[in-house]
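What follows draws every value from the coordinates through simple rules; no lab data is involved. What you see is a predicted model; the values in this text were computed from it and never measured. For neighbour counting, all protein chains shown are included, and Cβ atoms are generated from backbone atoms with ideal geometry for every residue, glycine included.
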Amino acid sequence: MAAASRGWRRLARPLAVTLLLVVCYGAIITPFASYMRNKPFVEKLGTLPRVEVLRAIAADQKQVVAEGLILDVLMYFGGLLGKEKGKVVVPPDFQAMSRLLHGAVQLDPYNMDAYYFAQAILVWDVDQVKLANNLLDYGMKYRSWDWYLPFFAGFNYGYFLKDYPQAAKYYMKAGELSGNELFINLAGRYLNESGQNDLAIAYLKTMAKGAKNKVMWESLTTRLKALEAMRAIGTARDAFHNATGRLPSSVQQLLYAGYLQEIPKDPYGGTFYLAADGTVKTTSNLAYPVKKKQ
Amino acid sequence: MFDIVRITVKGIFRDRVFHGILMAALLLPLIPSISQLSMRQVTELSVTLSLSLISFILLLLAVFLGGTSLWKDMERRYTFSVLSLPITRTTYLLGRFFGVALFLLITAAVLGFVASVVVTIVAGNFPPDRPVVWNNIYLCVLFDAFKYILLLAVAVLFSTVSTSFFLPIFGTISAFLVGSASQQVYDYVHSSSGQVLSPLVRQAATALYYVLPNFSAFDLKVNAIYGVPLSTGGIVLTVCYLVVYAAVLLSVAAIIFSKREMK
């Protein structure tokens, strides 16, 4: 008993020191964690070394390094979406995101996640359609069996760049690879601009159906909801035009005239309106409002 | 020689280094949950992670077992008692090499089996767009083992010239990094953008390319993960390359080891 208590007494000092150090750790960990959380994206990742260097260092682990870069981008983007109830507050650093994705496909040209992310996010939120198409062309050289890549490219050409012959060409390719008649039909329909909204909806549905990631799924379905709302207004406008022979002056007029049950809400927080030529538009421009970081 | 092979394999199972490295294999069951981070290629990511982990474990085993096996024997003066037996030093050296090589193959087989279970589970929950090509995955694991057997031969060679374990361990790691990048350096030097380099640098890089072991040939990950078809001719050539290159390394190691003075 006495020996045991002597043993404890001998331990008293080291125990006190350890306890003190644990308290110090507790004091420092909260500011440290908050510092790490608020570090800017590029700082967080450091700048990417040249791809040749990265490839040499990665030795036989190139695929893991590539996937790591893509997940960094995804988590960064998901983190931004998560803040302030789904509203992007900090302007995302699209340049850095695009740079990382390009680095990733040079390490692993087969990685579908990179092409998918570039297509689902970069194309819509920044004007990087041509860059995305170059990326897709690069991917098609490797993923020669994959109909998703020409499907994406066809959509970009048709919807964003209004280059219908190119769009049709890529849709044909997607149709050949998938054996799916739908794409061949789409290729034909793409030559008709009036079908654009329907096409965008069909496209987003395909994208969202395969989305296994929650952030990605939410991002796509939000866009899908907005486009479906715009289609509803467009259908009402056409009905109004057919009945009266003139274009409605506003969305409200469609409501009062009974062509709309209610004015659909823009999930991005904007308001739908009719442009002078009757096109359905929204004040949000299909993107969350971006505020500058304080 | 078979006795030495047997003793080597038995010894490794009792080795603490092996136990430590085996801890890394506990990460394999975590792969199904990590793979779900992927947006569009969950199964492919599970294959990637499994193969990477296997490759990493085999690398550690090859470096540490290969780099310390001979050194430990000499340090503990086991070599004296062993070499007093009626066997040549070459037999002893080869016995050690084949023992560790056999062990690497056994480890690869066991880890490959666990990985196939992991990938099957993931593929069941998240069916991939294209079916998993199992033959490519098994071949990839086998060639990983081959790659590290070649690295093991490098480690054995370093062990015969060194009196400490620093050269075998760090020399082998450097050889692995350089040997994994040599193909890229060679391709770069001979590409149009490599023409800006001075002819001397280009020739030196070419010479090194032919002398150093080429580990990138054994990397079949792309074929395993994405089901890209393999070329039979390339596979056969790579196996021939392994046999000839390892044989050259081992014969040089045997010459040095036979001439070496044991204190």
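Data table
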quantity: Sum of -39500 (n - 2.57) over DSSP H runs of 4+, divided by residues of chain B (222 nm, nearest 500); calculated: -26000 deg cm²/dmol
quantity: Cβ-derived FRET efficiency at R0 30 Å, B:ILE235 paired with A:GLN106, nearest 0.05; calculated: 0.70
quantity: Burial ordering of B:SER174, B:SER55, A:SER178, fewest other beta-carbon atoms within 10 Å first; calculated: B:SER174, A:SER178, B:SER55
quantity: Cα-Cα pairs of the protein assembly as shown separated by more than 37 Å (percent); calculated: 49 percent
quantity: Cα convex hull of chain B, projected area averaged across orientations, nm²; calculated: 16.3 nm²
quantity: Exposure proxy order (Cβ contacts within 10 Å, fewest to most) of B:GLU261, A:GLU262; calculated: B:GLU261, A:GLU262
quantity: FRET efficiency for A:LYS141 and A:ASN197, using Cβ-Cβ distance with R0 set to 35 Å, rounded to 0.05; calculated: 0.60
quantity: Order of B:VAL236, B:VAL132, B:VAL154 under a 10 Å beta carbon neighbour criterion, fewest first; calculated: B:VAL236, B:VAL132, B:VAL154
quantity: Estimated distance in nm for a label pair at B:TRP134 and B:GLN184, the labels positioned 7 Å out from Cα along Cα-to-Cβ; calculated: 3.4 nm
quantity: Inter-chain shielding of A:108-116 (mean C-beta neighbours from other protein chains, 10 Å cut-off); calculated: 5
quantity: Counted charge near B:GLY11, where neighbours are those whose Cβ lies closer than 11 Å (Asp, Glu -1; Lys, Arg +1); calculated: +3
quantity: Among the listed pairs B:LYS72/B:LYS259; A:LYS162/A:LYS209; A:LYS62/A:LYS162; A:LYS169/B:LYS221; A:LYS169/A:LYS209; A:LYS141/A:LYS209, those beyond 28 Å (Cα-Cα); calculated: A:LYS62/A:LYS162; A:LYS169/B:LYS221
quantity: Region B:91-165 versus region A:99-156: alpha-carbon centroid distance in Å; calculated: 33 Å
quantity: Net charge over other residues, Cβ less than 15 angstrom from the Cβ of B:GLN195 (K, R count +1; D, E count -1); calculated: 0
quantity: Simple label model, 7 Å out from Cα along Cβ direction - A:ALA239 to A:THR30, nm; calculated: 5.8 nm
quantity: Spin-label pair A:LEU131/A:ARG231, simplified geometry with 7 Å Cα→Cβ offset, distance in nm; calculated: 3.0 nm
